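Visitor: Here it is: the structure, laid out below.
The values are calculated or read from the model by the stated rules, or taken from the named source; none is laboratory data. Since the structure is predicted, the reported quantities are computational estimates derived from the model, not experimental observations. Counting neighbours? That spans all protein chains shown, and the Cβs are built from the backbone with ideal geometry, glycine included.
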Amino acid sequence: MEKLIIIKYGELSTKKDNINFFLKTLKQNISNSLSDIKNDITYDFGRMFVLVEESDLENTVDRLKNVFGIWQIIVGYKDTNLDIDAIKENILDLVKNKEFKTFKVVTKRSDKNYPIKSMDVSRIVGSYILKNISDVRVDVHNPEFLVEIEIRKGEVLYYFNGEAGLGGYPVGTLGKGLLMLSGGIDSPVAGYLAIKRGVKIEAIYFESPPHTSEAAKDKVIKLARVLVKYNTTVKLHVINFTHIQETILRNIPYEYLITIMRRMMYRISAIIAHNNKCNILINGESIGQVASQTLTSMRVINEVVKMPVIRPVACFDKLEIIDLAKRIGTYEISTLPYEDCCTIFVPDHPVINPSSIKASEYEELIPYKELIREAIKGHEVIYVGIDEDKEYEDIL
């Protein structure tokens with residue numbers, strides 16, 4: 001028998017004509033995550049198999065838990081001897097030292113030419129276990145231990161209780177999006193959820209020195225580094241927003257500061273997204289959470305761009321977002337006490353139902369198109385990847 005990791009696809013199995021594209025991408029993403037581990041990856045439309053050294057098994061499984069597109073990860077066994085007696089003996093040898101009181105045997109036959117029906121294989125193997133292991137019994141409804149057998153053409157697979165994967169689609173299968181990444185709790189979670197749907201993300205961060213600190217920028221880089229676990233790399237666009245923000249502060253009625261500021265951020269983000277072949281903008285807006293996230297505010301802010309804006313956490317409450325942030329490893333970073341430019345200069349009473357007409361009129365008080373061109377021309381790009389020693393910057 002050969003010990004190997006078996007990957008079940010889950011949602012990917014619903015794909016038809018383009019399933020091979022999804023599976024090729026999944027294989028490449030797995031290969032990227034195991035770049036420093038000797039491995040052999042093969043697949044068909046039913047399963048993917050990862051062969052590594054025994055000493056690398058645990059580490060490999062841990063890494064696969066961060067790869068989207070995987071429904072279940074199982075350490076199993078493959079054999080080419082399909083004789084029922086060999087199957088019985090192999091299963092007994094694998095389970096005899098495991099601790100369980102109840103079990104169930106489930107058999108699947110993708111090779112319908114195999115002479116013994118699936119239910120009969122399960123019955124024969126189950127009876128053999130009962131005969132040779134004392135103090136165990138069959139429980140077909142809620143077994144403590146599940147013995148699974150897959151009879152395929154020329155081979156048989158044995159495996160037991162597997163571990164859940166992240167599900168979703170392989171990263172990159174649904175194109176690219178630009179995440180508006182602040183230092184807060186919500187936007188990294190939104191990025192994670194977009195990645196889960198197969199969207200490879202780049203990110204954009206607005207800094208406002210000296211009003212925001214270098215520590216705030218480092219905080220965002222750390223958040224991007226967490227997302228790298230799921231996205232392979234993150235290209236982070238850093239926009240110096242100081243000139244725009246100070247101009248808004250001097251010229252725009254105070255209650256409209258946030259509305260106009262967000263409209264500028266949207267415009268800049270849409271241009272950066274277009275220039276980098278991103279199909280959508282992604283942000284962490286949650287309905288009603290702050291003044292700029294009322295439905296009226298979102299409409300007035302959103303109207304300045306034609307590009308679709310995806311809000312993965314729009315209908316989550318704050319506690320749900322926090323729970324997910326803790327699970328993916330961004331919460332502790334997000335709660336570091338460094339302000340970003342969305343939290344400075346916040347008026348005591350920002351408008352919650354802004355007027356589109358007023359917003360447009362107020363924008364004419366500043367040379368915003370020139371300011372946007374200036375910010376984009378001088379923006380910084382940081383590549384955050386698995387190899388941090390090769391992280392580098394470029395100026396457009």
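Visitor: Quickly run through the stretch 173-198 and pick out the residues that are farther than 19 Å from K27 by Cα and in a helix (DSSP H, G or I).
Guide: In the first step, residues of the stretch 173-198 are kept if they are farther than 19 Å from K27 by Cα; the result is 177-194.
Within the stretch 173-198, D186, S187, P188, V189, A190, G191, Y192, L193, A194 meet the criteria.
Visitor: Checking I239 against (1) surrounded by fewer than 21 Cβ atoms within 10 Å (Cβ to Cβ); (2) among the hydrophobic types (A, V, I, L, M, F, W, C); (3) in a strand (DSSP E or B), which single condition isn't satisfied?
Guide: (1)
Yes/no per residue for (1) assigned to a helix (DSSP H, G or I); (2) touching a residue at least 60 places away in the same chain (Cβ under 8 Å); (3) surrounded by fewer than 19 Cβ atoms within 10 Å (Cβ to Cβ):
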{"site": "E11", "(1), (2), (3)": "yes, yes, yes"}
{"site": "K16", "(1), (2), (3)": "no, no, yes"}
{"site": "I30", "(1), (2), (3)": "yes, no, no"}
{"site": "G46", "(1), (2), (3)": "no, yes, yes"}
{"site": "F49", "(1), (2), (3)": "no, no, yes"}
{"site": "S55", "(1), (2), (3)": "yes, no, yes"}
{"site": "E58", "(1), (2), (3)": "yes, no, yes"}
{"site": "D62", "(1), (2), (3)": "yes, no, yes"}
{"site": "V67", "(1), (2), (3)": "no, yes, no"}
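Visitor: Would you pick out the residues in the stretch 110-124 that are surrounded by fewer than 17 Cβ atoms within 10 Å (Cβ to Cβ) and more than 18 Å from P143 (Cβ to Cβ)?
Guide: Hits for the stretch 110-124 are S110, D111, K112, N113, P115, I116, K117, D120.
Visitor: Sticking with this one: What tally of residues in the stretch 199-221 results from selecting those that are surrounded by fewer than 18 Cβ atoms within 10 Å (Cβ to Cβ), assigned to a helix (DSSP H, G or I) and not acidic (D, E)?
Guide: Qualifying residue count, the stretch 199-221: 1.
Visitor: So, one more: So is I268 at pLDDT 95 or above, crowded, with 19+ Cβ neighbours inside 10 Å, out of contact with any Leu (no Cβ under 7 Å at 6 or more places or on another chain) and in a helix (DSSP H, G or I) or not? Let's see the steps before the verdict.
Guide: On the way: at pLDDT 95 or above: yes; crowded, with 19+ Cβ neighbours inside 10 Å: yes; out of contact with any Leu (no Cβ under 7 Å at 6 or more places or on another chain): yes; in a helix (DSSP H, G or I): yes.
Yes, satisfied.
Visitor: Next question, about the same structure. Every residue in the stretch 315-359 that is small (G, A, S) and either in contact with a Gly (Cβ under 9 Å, 6 or more places away or on another chain) or exposed (fewer than 13 other Cβ atoms within 10 Å of the Cβ) (or both), please. Before the answer, list the steps.
Guide: Here is the first cut: in the stretch 315-359, the ones small (G, A, S) are 325, 329, 334, 355-356, 359.
If the condition is that a residue be small (G, A, S) and either in contact with a Gly (Cβ under 9 Å, 6 or more places away or on another chain) or exposed (fewer than 13 other Cβ atoms within 10 Å of the Cβ) (or both), then S334 is the only one that fits.
Visitor: Okay, next question. Out of contact with any helix residue (DSSP H, G or I) (no Cβ under 6 Å at 6 or more places or on another chain), of a type in the set (G, A, S) and under 19 Å from M307 (Cβ atoms) - does that describe any residue in the stretch 192-202?
Guide: Looking through the stretch 192-202, at least one residue is out of contact with any helix residue (DSSP H, G or I) (no Cβ under 6 Å at 6 or more places or on another chain), of a type in the set (G, A, S) and under 19 Å from M307 (Cβ atoms).
Visitor: Can you give me the number of residues within the stretch 291-305 that are surrounded by 17 or more Cβ atoms within 10 Å (Cβ to Cβ) and within 22 Å of V189 (Cα to Cα)? Break it down into steps so the answer makes sense when it comes.
Guide: The initial filter retains those residues of the stretch 291-305 that are surrounded by 17 or more Cβ atoms within 10 Å (Cβ to Cβ), namely 291-294, 297-298, 300-302, 304-305.
Keeping just the survivors that are within 22 Å of V189 (Cα to Cα) gives 291-294, 297-298, 301-302.
Counting residues in the stretch 291-305 that are surrounded by 17 or more Cβ atoms within 10 Å (Cβ to Cβ) and within 22 Å of V189 (Cα to Cα) gives 8.
Visitor: Any residue at all in the stretch 190-200 that is charged (D, E, K, R), over 30 Å from A359 (Cα atoms) and in contact with an Asp or Glu (Cβ under 9 Å, 6 or more places away or on another chain)? Can you show your working first?
Guide: Of the stretch 190-200, the ones charged (D, E, K, R) are 196-197, 200.
Those still in the list that are over 30 Å from A359 (Cα atoms) too: 196-197, 200.
Checking the rest, the ones that are also in contact with an Asp or Glu (Cβ under 9 Å, 6 or more places away or on another chain) come to none.
No - not one qualifying residue is present in the stretch 190-200.
Visitor: I need the full set of residues from the stretch 38-62 which are in contact with a helix residue (DSSP H, G or I) (Cβ under 7 Å, 6 or more places away or on another chain) and at pLDDT below 95, in order please.
Guide: Of everything in the stretch 38-62, those that are in contact with a helix residue (DSSP H, G or I) (Cβ under 7 Å, 6 or more places away or on another chain) and at pLDDT below 95 turn out to be Y43, F45.
Visitor: Mind checking which residues of the stretch 219-253 are in contact with a Leu (Cβ under 9 Å, 6 or more places away or on another chain) and more than 26 Å from K358 (Cα to Cα)?
Guide: K219, V220, I221, K222, L223, A224, L227, Y230, V234, L236, H237
Visitor: Looking at the stretch 72-89, can you tell me whether even one residue there is of a type in the set (D, E, K, R), in the same structural domain as K38 (by TED's automatic domain parsing), within 19 Å of M48 (Cβ to Cβ) and not in a helix (DSSP H, G or I)? Full working, then the answer.
Guide: Pass one, the stretch 72-89, residues of a type in the set (D, E, K, R): 78-79, 83, 85, 88-89.
After this cut, where a residue has to be in the same structural domain as K38 (by TED's automatic domain parsing) as well, the list is 78-79, 83, 85, 88-89.
Remaining after also requiring within 19 Å of M48 (Cβ to Cβ): 78-79.
Then drop every residue that is not not in a helix (DSSP H, G or I), which leaves 78-79.
Looking through the stretch 72-89, at least one residue is of a type in the set (D, E, K, R), in the same structural domain as K38 (by TED's automatic domain parsing), within 19 Å of M48 (Cβ to Cβ) and not in a helix (DSSP H, G or I).
Visitor: Residues in the stretch 167-182: is at least one at pLDDT 95 or above, surrounded by 16 or more Cβ atoms within 10 Å (Cβ to Cβ) and more than 30 Å from C278 (Cα to Cα)?
Guide: no
Visitor: In the stretch 32-44, which residue that is of a type in the set (S, T, N, Q) and free of Cβ contacts under 8 Å to residues at least 24 places away in the same chain is nearest to P170 (Cα to Cα)?
Guide: Just the residues of the stretch 32-44 that are of a type in the set (S, T, N, Q), to begin with: 32-33, 35, 39, 42.
The next check asks that each one be free of Cβ contacts under 8 Å to residues at least 24 places away in the same chain; those that pass are 39, 42.
On the way: N39: 19, T42: 16 Å.
In this case the residue turns out to be T42.
Visitor: Given the options E202, E207, name the one that is under 14 Å from the mean Cα position of the chain (by Cα) and acidic (D, E). Walk me through it before giving the result.
Guide: Working: E207 fails: under 14 Å from the mean Cα position of the chain (by Cα).
It is E202.
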